[in-house]
Amino acid sequence: MADTLATAGHAGSGHGPADKSKRDFLVMLPLAGAVVGAGAIAWPLIDSMNPSSDVLALASTEVDLTPISEGSGITVMWRGKPIFVRYRTAKEIKEAEDVKLSELIEPQADSARVKPGHAQWIVLIGICTHLGCIPLGNKPTDPRGEWGGWFCPCHGSQYDTSGRVRHGPAPLNLYLPPYAFLNDKRIKIG
Amino acid sequence: MAAGLFKSEVKNPVLRWVDTRLPLITMMQKEYGSFPTPRNFNYFWNFGALATVTLMIMIMTGVFLAMNYTPNANMAFSSVQHIMRDVNYGWLIRYVHMNGASMFFIVVYIHIFRGLYYGSYKFPRELLWMLGVVILLLMMATAFMGYVLPWGQMSFWGATVITNLFSAIPVVGQSIVQWLWGGFSVGNPTLNRFFSLHYLLPFLIVGVVFLHVVALHITGSNNPLGIDVKGPQDTLPFHPYYTVKDSVGLCVFLLIWAAFVFFMPNLLGDTINSIPANPLQTPADVVPEWYFLPFYAILRSVPNKVLGVALMFASIGVLFVLPWLDTSPVRSCRFRPIYRILVPLLVVDLFALGYVGAHHPQGFVVLLGRVATAWYFLHFLVFTPLVGWFETPLPLPESIAKPIVRKPHSGGGPIPGGAVAKPMENA
Ligand code: HEM
Ligand code: FES
């Protein structure tokens, strides 16, 4: 086989170049088939590692806001993630609204991060956008960083009272979960 | 001699019967008995053998731990307590395994330092070296996933931080992280797959170590002089000379390991990991095990996520290309007046990075971290290529057996090629 392959295409051997390309094709075809087959076998294995249906099943959580006192926040669980719900003081709201967008790492207005008419409530996914630690700052006694929001103990990222990142290494603002106000004192997350 | 049988020199008829069909005895005799080995090894050449023994002990203790461990987020922590308190000698098996990971890294780090100092990564051992770096990466993955299994606070948050490194990958990062977790955060699916992989990877390491040793036996070992073996007068048979030398080192090494196991089993661990994992509370300091600290420091010293992660991976990546970064034809630092200072300085730099990795990133620590990170990359990417160009190596000895240096013909440069020397050793 090797001999034939080596001589194929030589003028004197009696096989023309067309013969060689036919052979190449005959090699490539099963090769391509094998690659597709390997992929077809690999995909179920790879996909089995993705979140399973029970994990995906979207659970929602209702939160009663009455026990939260002004200036502090609580942490609730939703989809295995911590959610911060914080009751902001008038001063904190003003600070969050007055900051120039050009000063922000990921510019976003405070009004885009709260529900209209509920500016005192900020609801965030409490996971640092750097490497996933839970920032401190819900309790007024926690370290809250220079901007009075949250401070991540892992690598020192700082967030303001709107949950926007003000000091790296975190690259993004804290994410907002989907939620809605059921009434003034109750929200539903998810 | 019948056709199809191996021509064995084994005398014992039973062993001979086997050896003619499967020449294992001949192979062992050739590779580990009479194998010609440079006669001038120092104790740095113990560490490959020490690493091999450590790997075997880790696999053995690991298999027995797995008989009593439960990889479930609700039971993992208590199953480890069960091993420590109820299982006969469970405490011993666990402490040997736990401290064994640290011993493994100490041994391999010294092994790598040996390679750096004596130029073992250079022609013709480049592939041997790269296989070593692959082993290092596999070891890191194995140790990281093993540390998650007891499901303490540091297990959980270490896993969270490290898996999140992959979220730095543009566009697909978040999907990759969820794929790694099997959920929206580190949880039971994560623990299950980490257990499965922690069991698998050491056997892959065994496979790569096998290739590493095959490659070693093609090129032969380097030696403290860094010059090639010229003939039988330069070598000794591996057995009994180096089996004995390795055994001496092994006894000392096992004593040190035992001292940790019996007298200070928790010294190298983090006490926070005796608190069960709590997904709602990040500990005040998330610190990895000591052997990851320098890399963690590199990650943290850049205030940009993607760049920090990229640099951390690059810090291992530079090791892969080191054989091509070093422009000096002389292997051993013994004959390299400048590089022999730079290599120990790199060790100091790594200790500095280790200190930075263990402390809160503020003030002086941040500055030290940045300087040390810069030095690390300067060492490999700038100093190593440059020094190779302008450094004047000391004259190399003629051979291992005759470490006497002939007077250079003129100046202080290396001796020109003599009748026996090949170009490699004195260019
Ligand atoms: C599980 C980890 C490892 C094991 C079991 C192992 C095993 C060995 C053994 C048995 C030898 C021969 C004895 C000796 O020269 O000391 C050796 C040589 C060598 N190893 Fe490793 N090794 C490991 C990791 C590494 C790593 C991480 C590197 C480099 C990044 C490396 C680089 C080398 C080189 C360059 C040699 C040839 C050195 C010479 O002859 O001077 N090894 N290894
Ligand atoms: S995880 Fe928050 S700063 Fe790194």
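Just so you know, all these numbers are worked out from the coordinates, no wet-lab data involved. Quick caveat: nothing in here was measured; it's all calculated off a predicted structure. Don't worry about glycine lacking a Cβ; one is built from the backbone with ideal geometry, like all the others, and counts go over all protein chains shown.
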Magnitude of the Cβ-charge dipole (Lys and Arg +1, Asp and Glu -1) of the range B:31-283 about the Cα centre, nearest 20 debye, reported as 80
With Cα springs under 10 Å, the Gaussian network model of chain B assigns the largest mean-square fluctuation among B:Gly158, B:Gly182, B:Gly146 to B:Gly182
Relative contact order as a percentage, chain A, C-alpha pairs under 8 Å and 6+ apart, gives 18
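Could you grab the relative contact order for chain B? Cα pairs under 8 Å, six or more apart, rounded to a whole percent.
Values: 533 pairs, mean separation 83.6, N = 427.
For chain B, the relative contact order is 20 percent.
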Going residue by residue through the range B:305-316, the Karplus relation 6.51 cos²θ - 1.76 cosθ + 1.60 with θ = phi - 60° gives ³J(HN,Hα) values, rounded to whole Hz and with x marking Gly or Pro, of 4, 4, 5, x, 5, 4, 5, 4, 5, 5, 5, 8
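For B:Ser34 and B:Leu197, calculate 0.36 nm times their separation in residues minus their Cα-Cα distance, and state this gained length in nm to one decimal.
Values: separation 163, 0.36 × 163 = 58.68 nm, distance 3.82 nm.
Between B:Ser34 and B:Leu197, full extension yields 54.9 nm more.
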Free-by-geometry Cys in the protein assembly as shown, Cβ-Cβ under 4.7 Å as pairing rule, reported as B:Cys251, B:Cys333
Under the helix-only model (-39500 (n - 2.57) for each DSSP H run of 4 or more, divided by the residues of the protein assembly as shown), the mean residue ellipticity at 222 nm, to 500 deg cm²/dmol, is -16000 deg cm²/dmol
For A:Leu172 and B:Gln233, extending 7 Å from Cα along the Cα-Cβ vector and measuring point to point gives, in nm, a value of 7.0
Of A:Gly117, A:Gly145, A:Gly168, the most mobile residue in a GNM of chain A (C-alpha springs, cutoff 10 Å) is A:Gly117
In degrees rounded to 10, the 0-90 angle between helix B:153-164 Cα long axis and the longest Cα principal axis of chain B is 70
Once phi for every residue in the range B:116-127 is put through the Karplus expression 6.51 cos²θ - 1.76 cosθ + 1.60 (θ = phi - 60°), the whole-Hz ³J(HN,Hα) values, with Gly and Pro written as x, are 5, 6, 9, x, 5, 7, 7, 2, x, 9, 4, 5
Across the alpha-carbon set of chain B, Rg over Rh with Rh taken as the Kirkwood radius works out to 1.01
Taking the alpha-carbon centre of each part, the distance from the range A:75-129 to the range B:1-48 in Å is 71
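Can you give the charge dipole size of the protein assembly as shown about its Cα centre, rounded to the nearest 20 debye, using +1 on the beta carbon of Lys and Arg and -1 on the beta carbon of Asp and Glu? Display every interim value, and only then the final one.
Numbers: 44 positive and 35 negative charges, 208 e Å.
Result for the protein assembly as shown is approximately 1000 debye, rounded to the nearest 20.
Can you put B:Asp285, B:Asp326 in order, fewest other beta carbons within 10 Å first?
Details: B:Asp285 14, B:Asp326 20.
With the sparsest Cβ surroundings first, the list reads B:Asp285, B:Asp326.
Pairs of Cα atoms under 8 Å, at least six residues apart: use those to get the relative contact order of the range B:36-149, whole percent.
Details: 59 pairs, mean separation 34.7, N = 114.
So the answer I get is 30 percent.
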Summed over the other residues with a beta carbon less than 12 angstrom from that of B:Asp270, with K and R at +1 and D and E at -1, the charge totals -2
Under a Gaussian network model of chain B whose springs join Cα atoms within less than 10 Å, the largest fluctuation of B:Trp17, B:Trp157, B:Trp290 belongs to B:Trp17
Spelling it out for A:Trp121: with amide H atoms placed in the peptide plane at 1.01 Å from N, the residues 5 or more places away or on another chain with amide H under 5 Å from its amide H are A:Arg88
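Determine the shape class of the range B:313-382: with a ≥ b ≥ c the square roots of the Cα gyration tensor eigenvalues, call it rounded for a/c under 1.5, and otherwise prolate if a/b is greater than b/c, oblate otherwise. Present the calculation step by step, with values, prior to reporting the outcome.
On the way: a/c = 3.02, a/b = 1.93, b/c = 1.57.
It is prolate, given that a/c is not under 1.5 and a/b is the larger ratio.
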Phi-derived 3J(HN,Hα) across the range B:229-237 with the Karplus relation (6.51, -1.76, 1.60, θ = phi - 60°), rounded Hz, x for Gly and Pro, is 5, 9, x, x, 5, 8, 10, 10, x
By the Kirkwood definition, with r running over pairs of different Cα atoms, the protein assembly as shown has a hydrodynamic radius in Å of 28.8
